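A short worksheet on the structure shown next.
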Amino acid sequence: MASDPILQIALPGPLRALYDYLPPTDPAHNPSIGCRYQIPFGPSSRTGVLIAMKAQSDVPPERLKRALQQIDPQPLLAAPDLRLLHWAAGYYQHPLGDVIFHALPVTLRKQHSGSRIRHNGVRLTALGKTVNPESLRRAPKQLALLQALAQASDGLDRPTLLNRHRISQAVIRTLLEKGWIEACPIPEAVHPVTTNPHSIDLNQEQGEAVAQVERNLGSFKPFLLQGVTGSGKTEVYLRLVERVVARGQQALLLVPEIGLTPQLLQRFQTSMGAGVAVLHSALADGERERVWHGVRRAHRPILIGTRSAVFTPMPKLGLIIVDEEHDLSYKQQEGFRYSARDLALVRGQQCGCPVVLGSATPSLESLRNAAEGRYSRLNLTQRVGNARMPPLKLLDIRSVHLDGGLSPALIKQLRQTLDAGEQALLFLNRRGYAPMLTCHACGWLTDCPRCDARMTHHRQLRILWCHHCGHQRPEPVHCPSCGSPDLRPLGQGTERVEETLQRLFPDTPLARIDRDSTSRKGSLEQLLSRVKAGDFPLLLGTQMLAKGHHFPAVTLVAILDIDQGLFGADFRASERMAQLVVQVAGRAGRAERPGKVLIQTRHPDHPLMQLLTSKGYEAFAAEALDERRAATFPPYSHQVLLRAESTKAADPENFLNRAIEVGRALHGSEPLEFWGPVPAPMARKAGKTRAHLLIQSAQRQPLHQWLGKWVSEITQLSAARRVRWSIDVDPQEML
Ligand code: ADP
Ligand code: ZN
Ligand code: ZN
């Protein structure tokens with residue numbers, strides 16, 4: 001007998017190894033890479049994915065175990081899908097098994113067992129096929145079910161059985177118990193695209209952008225679509241997706257957050273109907289799996305999804321679009337730390353299709369790539385129709401008495417806007433009532449007991465709440481330190497500004513939009529549609545209001561406090577500040593009436609602020625890139641961050657010092673710089689002491705060659721067992 005092949009199985013979790021197993025004893029076993037297997041593991045069993053096969057194992061034969069069963073008859077992940085996952089595991093130095101399981105819907109990650117997963121359909125078993133119809137003369141419903149299933153080799157779903165065949169749940173249960181039928185998943189049907197006629201004619205710039213990408217369908221080419229806010233980027237995406245689908249291919253559109261892009265979703269759904277699949281975290285697990293399979297089988301040509309959708313198998317992928325490519329939410333900041341934007345480019349390269357990165361405020365990385373010719377530029381410089389870009393004006397609040405965070409000049413402008421029957425939007429990126437409470441008698445502050453941070457006062461909930469670790473406590477009535485009842489809020493959150501606005505404009509309906517006011521499911525959609533209907537002349541919100549929305553009646557946008565962006569510890573702080581300002585400002589004057597943007601600041605002379613408001617984002621970005629080049633910060637260098645945390649104060653630094661030692665010993669002539677270890681910007685969070693070590697290199701290649709070796713060395717360190725550590729390649733935040 002020919003010897004069994006050895007199956008190499010990947011499992012989720014922190015372990016970097018693959019596991020060797022003998023094939024299951026099932027004679028029908030047909031091993032195929034990308035299928036899941038149930039394997040014995042310790043005292044229990046687990047689900048893994050077959051990654052490779054080999055002739056021999058290093059595990060001694062007596063310790064080699066047999067896989068219990070092959071779960072999927074056909075591979076869940078095809079070769080191109082696994083290629084992307086292999087690449088990601090290598091580049092981000094994350095265990096392959098964990099990367100693969102991250103790419104699967106939750107329902108497919110769990111232990112497979114027919115009883116626990118509620119399948120949506122049933123099919124005949126081998127036993128069921130042998131039943132003699134004569135024997136069921138007195139059970140016509142059971143017979144009907146057997147006959148219906150005899151016609152459907154893949155099984156039928158329960159709604160179809162009920163509606164079309166009038167077969168009740170009780171009959172199904174009876175035959176399940178007899179073992180004549182079994183539960184099985186029924187894939188969703190093929191969804192054709194229904195293209196509806198266009199009501200909009202593209203303008204010249206839009207037409208040019210579409211034509212350029214269209215010319216390159218069928219091969220990899222990256223594009224940077226820079227279109228000012230309101231320039232009609234969505235319309236460009238829509239036309240491109242149509243062309244791709246018309247070629248019989250699939251299109252992937254990544255968005256930062258589904259809930260914040262209702263208009264984009266609506267445009268695609270009205271335009272292309274059920275061919276549009278949507279994947280995001282709020283979907284129920286079962287639904288998510290169905291959508292995933294639908295896309296994987298190419299039953300749905302279009303997928304719109306958030307970050308993790310970049311991994312969805314799409315056998316006919318012909319175009320990838322990343323909307324708002326600068327958005328931080330494309331970066332996963334914990335566990336498997338990857339950038340979906342960057343992986344979209346890798347995927348496009350691997351499968352040979354164009355990749356379009358769209359934004360009004362592209363990241364400095366992408367601007368540099370475009371400037372150096374690696375990305376082709378597509379520009380939309382004009383707003384559609386007669387809409388003009390709003391001017392940005394700085395309001396100096398240095399020696400001004402603020403009323404609940406609002407300057408007199410701003411209040412006057414608000415009044416004029418409301419009197420003219422127009423809508424005003426106020427932006428403050430801080431929820432809650434006030435960022436802290438203080439005791440007027442002794443100076444006590446609401447410090448979080450577990451973090452180097454203050455607890456935010458949420459007055460409506462009557463609590464103090466740490467936004468960093470989630471710790472909550474009831475709102476104090478007296479100072480816990482001196483007993484004084486004179487506790488006062490310091491600074492403003494959206495709740496407090498709402499109170500001020502209600503006092504100043506008591507007869508004007510106001511909508512506050514932040515995580516707290518929209519925590520109930522569906523409440524955000526409801527609020528947004530009422531905003532669009534014009535129910536609220538006053539809008540107040542956090543960055544939930546900044547992105548993507550098209551509020552045609554807004555003519556005044558006020559930015560209350562963004563000064564921290566000018567002086568943040570992070571070298572990216574000013575870039576984020578500028579992007580946020582331009583995005584928020586982009587909500588003003590998107591229709592016939594011209595808009596205006598006011599920015600309250602204590603630093604009106606700051607050069608970057610001056611540049612942004614007088615010359616715009618392009619000029620700002622050029623200057624910021626020059627600064628980065630001079631300081632050799634990314635994108636002019638490449639970084640990797642090693643983070644460590646522990647409840648014991650000295651452990652993280654000990655570990656990081658050991659890591660530097662082995663790192664230095666490993667690197668030969670590569671010019672690597674080691675910065676640290678230093679305490680993290682928030683040195684204590686959730687009761688843990690945190691520190692990090694930054695490694696920087698002018699070239700990516702030597703850094704990555706060294707990194708692989710380094711990670712396997714630090715994994716072995718005994719000091720590593722006393723901390724929680726993680727690697728962040730291309731870190732976006734030092735937090
Ligand atoms: P962006 O995403 O660039 O901010 P949108 O795609 O939201 O802009 O477009 C803004 C508005 O302009 C939308 O209501 C859209 O339907 C409309 N629009 C887009 N292109 C055109 C066009 N060529 N002619 C008329 N209206 C357009
Ligand atoms: Zn006190
Ligand atoms: Zn805390």
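Values for this structure:
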| quantity | calculated |
| --- | --- |
| Selected residue (criterion: least open to solvent (accessible area, probe 1.4 Å)) from residues of the stretch 413-437 that are in a loop (DSSP other than H, G, I, E, B) and more than 30 Å from His478 (Cα to Cα) | Glu422 |
| Residue check, Arg454 within 16 Å of ligand 2 (Cβ to nearest atom) and among the charged types (D, E, K, R) | yes |
| Number of positions in the stretch 286-343 that are farther than 20 Å from Pro222 by Cβ and assigned to a helix (DSSP H, G or I) | 14 |
| Residue list for the stretch 342-375, restricted to those being open to solvent by 30 Å² or more (accessible area, probe 1.4 Å) and of a type in the set (Gly, Ala, Ser) | Ala371, Gly373 |
| Filter result (assigned to a helix (DSSP H, G or I) and under 29 Å from Trp444 (Cβ atoms)) within the stretch 479-535 | Thr494, Glu495, Arg496, Val497, Glu498, Glu499, Thr500, Arg503 |
| Selection within the stretch 468-495 - away from ligand 2 (no atom under 16 Å from the Cβ) and open to solvent by less than 70 Å² (accessible area, probe 1.4 Å) | Cys469, Gly470, His471, Gly491, Gln492, Gly493, Thr494, Glu495 |
| Residue in the stretch 549-558 that is of a type in the set (Val, Ile, Thr), in contact (Cβ under 8 Å) with a residue 40 or more places away in the chain, part of a helix (DSSP H, G or I) and closer than 15 Å to Asn429 by Cα present | no |
| Counted residues, the stretch 669-726 - those being of a type in the set (Phe, Trp, Tyr) and in contact (Cβ under 8 Å) with a residue 24 or more places away in the chain | 3 |
| Among the candidates Arg664, Arg700, Arg690, residue that is crowded, with 17+ Cβ neighbours inside 10 Å, charged (D, E, K, R) and not assigned by TED's automatic domain parsing to the domain that holds Arg576 | Arg690 |
| Some residue of the stretch 3-10 being more than 21 Å from Leu96 (Cα to Cα), part of a loop (DSSP other than H, G, I, E, B) and open to solvent by 70 Å² or more (accessible area, probe 1.4 Å) | yes |
| Residues located in the stretch 22-40, provided they are surrounded by fewer than 16 Cβ atoms within 10 Å (Cβ to Cβ) and in contact (Cβ under 8 Å) with a residue 12 or more places away in the chain | Thr25, Asp26, His29, Asn30, Pro31, Ser32, Pro40 |
| Residue match in the stretch 587-594 (condition: closer than 30 Å to Pro671 by Cβ, among the basic types (Lys, Arg) and within 24 Å of the chain's Cα centre (by Cα)) | no |
| Some residue of the stretch 120-132 being among the hydroxyl-bearing types (Ser, Thr, Tyr), surrounded by 13 or more Cβ atoms within 10 Å (Cβ to Cβ) and within 14 Å of Ile181 (Cα to Cα) | yes |
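The values are calculated or read from the model by the stated rules, or taken from the named source; none is laboratory data. Values in this document were obtained by computation on a predicted structure and should not be read as measured data. Counting neighbours? That spans all protein chains shown, and the Cβs are built from the backbone with ideal geometry, glycine included. Just the protein is used for accessible areas: all its heavy atoms, side chains included, with ligands, DNA and RNA removed. Shrake-Rupley method; radii C 1.70, N 1.55, O 1.52, S 1.80 Å.
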